Amino acid sequence: MNYNRPELLDRLAAEYVLGTLRGRARRRFEQLLRQLPAARTAVAAWEGRLAKLAASVPAQAPPARVWEAIDARIQPRRSTAPAAAAAAPKRTWLADWFKPALGFALGAVLTVGIVRLAPDTLVSLEQLAQRQQALPQSYVGLLTDANNVPHVLVSSTRHGTRVTVKSLRPWQVPAGKVAQVWALPRDAQGKDLPPIPLGVALPAAPPGSTQFDMPASSEALLANVPRLAVSIEDAPARPGQAPSAFVFSGFCVKLW
């Protein structure tokens with residue numbers, strides 16, 4: 001991986017400071033911090049941005065039971081008496097906020113705070129693409145009707161699980177039905193394989209879009225998929241289910 005790309009370092013630094021960079025990826029980044037000054041600079045920049053958020057929130061000492069629970073999870077055999085919490089080393093505000101034991105709730109509060117207090121620190125994928133003058137690596141399908149008229153644009157980033165369905169023309173789903181999006185894969189010999197249900201799409205007023213999440217990443221599901229399609233079903237399709245007649249279909253291409 002080329003860590004000399006500023007946008008990659010910035011994204012990794014943001015995830016590292018926020019605490020969402022976990023496991024092996026976090027250990028690799030910590031090793032990179034010891035070797036690459038640019039990585040340390042990116043982390044310092046994100047810590048400085050988040051310091052604004054910390055300064056705006058009144059300091060609160062967590063109750064002793066919080067540290068007892070953390071100690072119990074880290075070292076189950078260690079005593080969880082209040083004295084263990086009292087003997088715990090002093091934490092910085094950053095460690096207090098991003099302890100894994102505090103979990104999802106703190107992450108949600110932090111995200112809302114950043115959006116309100118420092119919205120310029122968050123860069124959307126679209127803004128990043130505009131800044132770099134390049135499209136992100138994605139799978140994209142332009143789906144047309146039986147008359148070859150484009151109706152929807154289906155896209156997902158290469159390693160993401162979220163699919164965006166952009167409506168190019170008005171279309172409707174009958175009451176009590178769903179618009180099922182399918183991947184139409186082929187094997188290495190070019191033989192068609194059974195369709196794979198990806199998720200349920202919803203119409204939007206053009207040029208609006210809606211989204212749904214797939215059960216796996218685009219790379220895992222779409223790497224050998226030359227075409228996408230949409231059918232109208234009574235309910236979301238299950239794996240192995242045969243689709244009804246397709247109302248939209250089109251090529252699935254890789255943008256990289």
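The values are calculated or read from the model by the stated rules, or taken from the named source; none is laboratory data. Just so you know, these numbers come straight off a predicted model, no measurement behind them. We place every Cβ from the backbone using ideal geometry, glycine too, and count neighbours over all the protein chains shown. Accessible surface is based on the protein model in full, side chains and every heavy atom, while ligands, DNA and RNA are left aside. Shrake-Rupley method; radii C 1.70, N 1.55, O 1.52, S 1.80 Å.
The table below gives the values:
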| item | result |
| --- | --- |
| Efficiency of FRET from Cβ geometry, Trp256 and Leu168, R₀ 25 Å, rounded to 0.05 | 0.60 |
| Cα centre as origin, Lys/Arg/Asp/Glu Cβ charges: the stretch 156-201 dipole, Debye | 180 |
| About the Cα centre, charge dipole magnitude for the stretch 155-243 (Lys/Arg +1, Asp/Glu -1 at Cβ), debye | 200 |
| Theoretical FRET efficiency, 1/(1+(r/R0)^6), r = Cβ-Cβ of Val66 and Ala204, R0 45 Å, to 0.05 | 0.55 |
| The stretch 128-256 - Debye-derived log10 I(q)/I(0), Cα point model, q = 0.13 Å⁻¹ | -0.50 |
| Packing-based order for 169-176, 203-210, using average beta carbon neighbours within 10 Å, highest first | 203-210, 169-176 |
| Charge dipole of the stretch 132-237 about the Cα centre (unit charges at C-beta), most positive-ward option of Gly160, Leu222, Pro150 | Pro150 |
| Area accessible to solvent at Phe248, 1.4 Å probe radius, in Å² | 20 |
| Options Gln172, Ser209, Pro197, ranked by Cα towards positive dipole end of the stretch 129-256, top entry (Cβ charges) | Ser209 |
